[in-house]
Amino acid sequence: MAEPSALYLILALAAAAVATYVWRALGVALGGRLGATAPVMDWIGCVAYALLAGLILRMILLPAGPLADTPALARVGAAGLAVAVFFATRRNVALGVVAGTTAFTLWLWIGGPVP
Amino acid sequence: MTPSQTPPGPTTPRAALVLGLRESIGLPVAVLAASFLGFGSLVAKTDLPLWLGLASTLTGWALPGQVALVEMAAVGSSVLVIALAVGMVNARLLPMTITLMPLLRAPGTRPWGLYAASHLIAVTSWIGLMQRGHRVPHALRLSYFFGFSLPLWAMSLVATAVGFHLAGAVPSAVSLGLVFLNPLYFLLVMCVDLRRRALLLSLMFGAVLGPLLHLLSPDWGLPATGLVGGTLAWLLARRGPPRDAPGHG
């Protein structure tokens with residue numbers, strides 16, 4: 001992985017900060033004028049959900065960062081276990097996350113050191 | 001800490017602030033700490049500097065967007081694409097902020113206070129205020145909200161730094177486990193809402209399109225996934241059977 005330049009990182013960071021705060025400020029400005037149940041809000045929710053789902057599946061199936069060095073079976077298996085535990089425990093997020101993370105860590109541990 | 005009886009509501013801004021401080025300590029802080037440990041580890045394992053992680057938590061403080069930022073900076077996405085993707089994934093802050101405003105805004109509340117508070121709206125602080133804010137007198141809720149969210153924000157910064165250093169100190173299996181914690185957490189938090197058809201469809205389209213479009217274009221894949229998948233899901237859900245029928249899993 002090539003070392004990204006500090007200027008690039010600062011610009012990326014600033015872009016992300018603006019792209020985040022703009023929604024907060026808009027929410028304050030619109031609060032009381034536009035209902036949170038307007039159809040456009042549904043659309044915003046759908047776009048955010050689809051992007052986040054895409055990001056998560058990308059991190060599980062085709063990771064670009066540090067997870068790229070881990071076996072795909074470990075990632076998919078741990079994610080499957082997390083979802084299974086979540087639904088088996090009446091949608092308990094914490095238990096699902098703990099189960100999936102622990103399984104993933106143990107898998108890597110037993111499978112030998114990862115570069 | 002277990003409150004044995006319902007205490008009388010706060011009567012001064014200071015008391016409201018302190019009440020918020022006390023109520024944020026506990027599960028909300030613990031959940032956030034774990035998530036930001038994972039974020040700090042992600043930054044370290046991606047070979048990005050600590051200041052980037054800290055500045056991101058300081059200026060963004062919305063974890064899905066922060067993870068997207070790190071993931072995209074790691075592959076060298078253009079700044080424009082990063083802004084688009086982070087903007088889309090964080091667009092959910094708009095409805096969240098809108099729904100909090102009637103709770104926070106009282107006669108005489110200064111606008112700058114609300115604009116400052118809006119920077120501290122995260123899922124944790126949002127739920128905290130929606131669930132507990134009603135017990136606090138209207139004029140004092142902004143103080144309560146600052147009391148509740150500032151420790152969460154501070155803890156996130158500390159956890160980012162700790163996670164960053166932890167990544168180099170613990171075995172690789174453990175630090176990679178921390179990195180994997182956030183995708184799993186987001187995945188399950190999204191599964192909580194699946195009773196709503198539009199969100200279920202968005203999740204499905206996003207899950208399929210995300211990896212596919214990434215193969216087509218690592219740069220534009222994520223924003224395209226959000227726009228195409230989200231819009232398709234929204235259109236389909238509007239045409240479908242009556243939405244939000246309760247009781248269906």
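Compute the Cα gyration tensor for chain B, then decide on rounded, prolate or oblate, letting a ≥ b ≥ c be the square roots of its eigenvalues: rounded whenever a/c is under 1.5, prolate when a/b is larger than b/c in the other cases, and oblate in all that remain. All intermediate terms of the calculation are to be shown ahead of the outcome.
Numbers: a/c = 1.87, a/b = 1.26, b/c = 1.48.
Because a/c hits 1.5 or more and a/b fails to exceed b/c, chain B counts as oblate.
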- Between B:PRO151, B:PRO49, B:PRO64, find the one with the highest GNM mean-square fluctuation for chain B; connect C-alpha pairs within less than 10 Å. B:PRO49
- Task: Express the carbon and sulfur contribution to the solvent-accessible surface of the stretch B:96-249 as a percent, rounded to the nearest whole number, probe 1.4 angstrom.
- Result: 71
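What accessible area, summed over both chains, is buried at the B-A interface (1.4 Å probe, Å², nearest 100)?
On the way: alone 14210 and 9180 Å², together 16000 Å².
The summed interface area works out to 7400 Å².
Relative contact order, percent, of chain A when contacts are C-alpha pairs under 8 Å separated by at least 6 residues? If you can, show how the numbers build up before the last one.
Details: 47 pairs, mean separation 18.6, N = 115.
About 16 percent, as a whole number.
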- Query: Using only helices, what value at 222 nm comes out for the protein assembly as shown when you add -39,500 (n - 2.57) per DSSP H run of length 4 or more and divide by the total residues, to the nearest 500 deg cm²/dmol?
  - Reply: -23500 deg cm²/dmol
- Query: Quick one: helix B:50-59 against the long Cα principal axis of chain B, what's the angle to the nearest 10°, folded into 0 to 90?
  - Reply: 60
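Tell me the carbon and sulfur percent of the accessible area for chain A, rounded to whole percent, probe radius 1.4 Å.
75
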- Query: Cα gyration tensor of chain A, axes a ≥ b ≥ c as square roots of the eigenvalues: rounded (a/c below 1.5), prolate (a/b > b/c) or oblate?
  - Reply: oblate
- Item | Nearest-ten-degree value, helix B:13-24 long axis tilted from longest Cα axis of chain B | 50
- Query: In percent, what relative contact order does the stretch B:147-249 have, based on Cα pairs under 8 Å that are 6 or more apart in sequence?
  - Reply: 25
- Task: Note down the accessible area of B:CYS191, probe 1.4 Å, to the nearest 10 Å².
- Result: 10
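Run the numbers on chain B and let me know its relative contact order in percent, using alpha-carbon pairs under 8 Å that are six or more apart. Each step should come with its number before you reach the end.
Numbers: 291 pairs, mean separation 75.9, N = 249.
After rounding, I find 30 percent.
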- Task: Label the stretch B:131-239 by shape, choosing from rounded, prolate and oblate, from the square roots a ≥ b ≥ c of the eigenvalues of the Cα gyration tensor; if a/c is under 1.5 it is rounded, and otherwise prolate applies when a/b is larger than b/c, oblate when it is not.
- Result: oblate
- Of B:LEU84, B:LEU235, B:ALA55, whose Cα points farthest to the positive end of the dipole of the protein assembly as shown (charges on the beta-carbon: +1 Lys, Arg; -1 Asp, Glu; origin at the Cα centre)? B:LEU235
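What accessible area per residue, rounded to a whole number of Å², is obtained for the protein assembly as shown using a probe radius of 1.4 Å?
On the way: 16000 Å² over 364 residues.
Per-residue value: 44 Å².
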- Candidate cut points under trypsin sites (Lys or Arg not before Pro) in the stretch A:15-115, DSSP loop plus at most 14 other Cβ atoms within 10 Å of their own Cβ, are A:ARG33, A:ARG90, A:ARG91
- Using the charge dipole of the protein assembly as shown (Lys, Arg: +1 at Cβ; Asp, Glu: -1 at Cβ; taken about the Cα centre), state which of B:ALA116, A:THR101, B:VAL18 has its Cα farthest towards the positive end. B:VAL18
- Per-residue average of other protein chain Cβ atoms inside 10 Å, peptide B:54-64 -> 4
- Can you tell me the dipole magnitude for the protein assembly as shown around its Cα centre, using point charges on the Cβ only (Lys, Arg +1; Asp, Glu -1), in Debye to the nearest 20? 1240
- Item | 10 Å Cβ neighbours from other chains, averaged over peptide B:187-197 | 5
- Note on the structure: Rounded to 0.05, the calculated FRET efficiency for the beta carbons of A:ARG91 and A:ALA38 at R₀ = 25 Å is 0.35
- Item | Karplus-derived 3J(HN,Hα), 6.51/-1.76/1.60, for each residue of the stretch B:28-42, Hz, glycine and proline x | x, 5, 5, 5, 5, 4, 4, 4, 7, 4, x, 5, x, 5, 4
- Note on the structure: Sorted by accessible surface (1.4 Å probe, heavy atoms of the protein chains only), largest first, A:TYR8, B:TYR144 come out as A:TYR8, B:TYR144
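The values are calculated or read from the model by the stated rules, or taken from the named source; none is laboratory data. Remember, it's a predicted structure, so these values are computed and weren't measured experimentally. A quick note on method: Cβ atoms are made from the backbone with ideal geometry, for glycine too, and the neighbour counts reach across all protein chains shown. What goes into the accessible areas is simple: the full protein's heavy atoms, side chains included, and nothing from ligands, DNA or RNA. Shrake-Rupley method; radii C 1.70, N 1.55, O 1.52, S 1.80 Å.
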